[in-house]
Amino acid sequence: MTQRFAGKVALVTGGASGIGRVTALALAKEGAKVTVADVSVEGGEATVKRVADAGGQAIFTKADVTKSSEVEAMVKETVKAFGRLDFALNNAGIDGVRARTADYPEDVWNQVIDINLTGVFLCLKFELPIMVKQKSGVIVNLSSVAGVTGFPGHAAYTASKHGVIGLTKTAAIDYAKVGIRVNAVCPAYTRTPMVTRMLENNPEFEAKLIDRVPLKRLGTAEEIAQAVIYLFSDAAAFITGHSLVLDGGIVAE
Ligand SMILES: NC(=O)c1ccc[n+]([C@@H]2O[C@H](COP(=O)([O-])OP(=O)(O)OC[C@H]3O[C@@H](n4cnc5c(N)ncnc54)[C@H](O)[C@@H]3O)[C@@H](O)[C@H]2O)c1
């Protein structure tokens, strides 16, 4: 099989689990060298091992996306190890708790906004200058279907994911002239550890979620990874500032 990303270098935050892990594996399969970044050392190293076992090349770097110095070091380590940065998937995120808006705990609000929104901003802050120097690069930010619709009981998550779309559009316009593309993906319920944790405590909820999806199933991390690969690839060369919704038809209703 031809590898579309031979010689390319990719960085994936939140690469220790779920969508980040599966996308890191898909990128490596396409020939990219991958930096897996996460707060979870165990999970991040397990992803690196899976990449190596499949014949790919990856390194792990521990980075909390809310800490500017760690994000800066994560980007520096990537460039030190692999010489450049072609693709960045700003994917690290958390879901917060479920509470009506007025009851939403302030500390959880701050944590969700810090990781899901400020974390993406900090990644952009250190990834973009490298790409500007190269005069090339593609970034994909993780938003959500909750970035384009309301999500009852999830004020902070919804606000953070709407924020990611605004940030994506602005960065896309700011850097279009230098040949950098910035897009977002907006998955609906995708079977990952994040969603499995949510369903564990509430099994009837799974049937309810599936019922909300016109295609009558949850998404898979592989389906999100393939959309990210497409946005990174030259097949998407004219796409920037876009938010690609992968939701089994939810927003069409
Ligand atoms: N699973 C879904 O249904 C779904 C739907 C829409 C959007 N998303 C988004 O996709 C992204 C990945 O979610 P997932 O479902 O794979 O979840 P997940 O919980 O399986 O993985 C998230 C990863 O992010 C890491 N992380 C959390 N806080 C971090 C921090 N401060 N710094 C660095 N890493 C951190 C975690 O350790 C974990 O490895 C998230 O941004 C999520 O909001 C998921």
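Amide H to amide H, which residues 5 or more places from Ile59 or on other chains are under 5 Å from it, using H placed in the peptide plane?
Close amide H contacts, sequence-distant or interchain: Val34, Thr35, Val36.
Can you tell me the alpha carbon radius of gyration of the range 1-124 divided by the globular rule-of-thumb value 2.2 N^0.38 Å?
1.12
Counting only protein heavy atoms and using a 1.4 Å probe, what share of the accessible area of the range 9-244 belongs to carbon plus sulfur, as a whole percent?
Numbers: 5950 of 10690 Å².
Here it works out to 56 percent.
Going by accessible area, probe 1.4 Å, with all protein chains left in place, what is the ranking of Asp64, Asp107, largest first?
Of Asp64, Asp107, the descending order of accessible area is Asp107, Asp64.
With the other protein chains left in place, how much accessible area per residue, in square angstrom, belongs to the chain at a 1.4 angstrom probe?
Per residue, the chain has an accessible area of 47 Å².
Could you tell me what % of all Cα pairs in the range 55-134 have separations over 22 Å?
Distances greater than 22 Å cover 35 percent of the Cα pairs.
For the range 184-247, I need the span (max minus min coordinate) of the C-alpha atoms along each principal axis, in Å, sorted largest to smallest.
42, 22, 17
If you average 1/r over all unlike Cα pairs in the range 77-235 and invert the result, what Kirkwood radius do you get in angstrom?
The answer is 16.8 Å.
Report, in deg cm²/dmol and to the nearest 500, the calculated mean residue ellipticity at 222 nm for the chain, where each DSSP H run with n ≥ 4 adds -39500 (n - 2.57) and the sum is divided by the residue count. Could you put the intermediate results ahead of the total?
Details: 9 runs with 115 residues, N = 253.
Helices in the chain give a 222 nm mean residue ellipticity of -14500 deg cm²/dmol.
The values are calculated or read from the model by the stated rules, or taken from the named source; none is laboratory data. Note that the structure is predicted; figures quoted are calculated from it, not measured. Heavy atoms of the whole protein, side chains included, go into the accessibility calculation; ligands, DNA and RNA do not. Shrake-Rupley method; radii C 1.70, N 1.55, O 1.52, S 1.80 Å.
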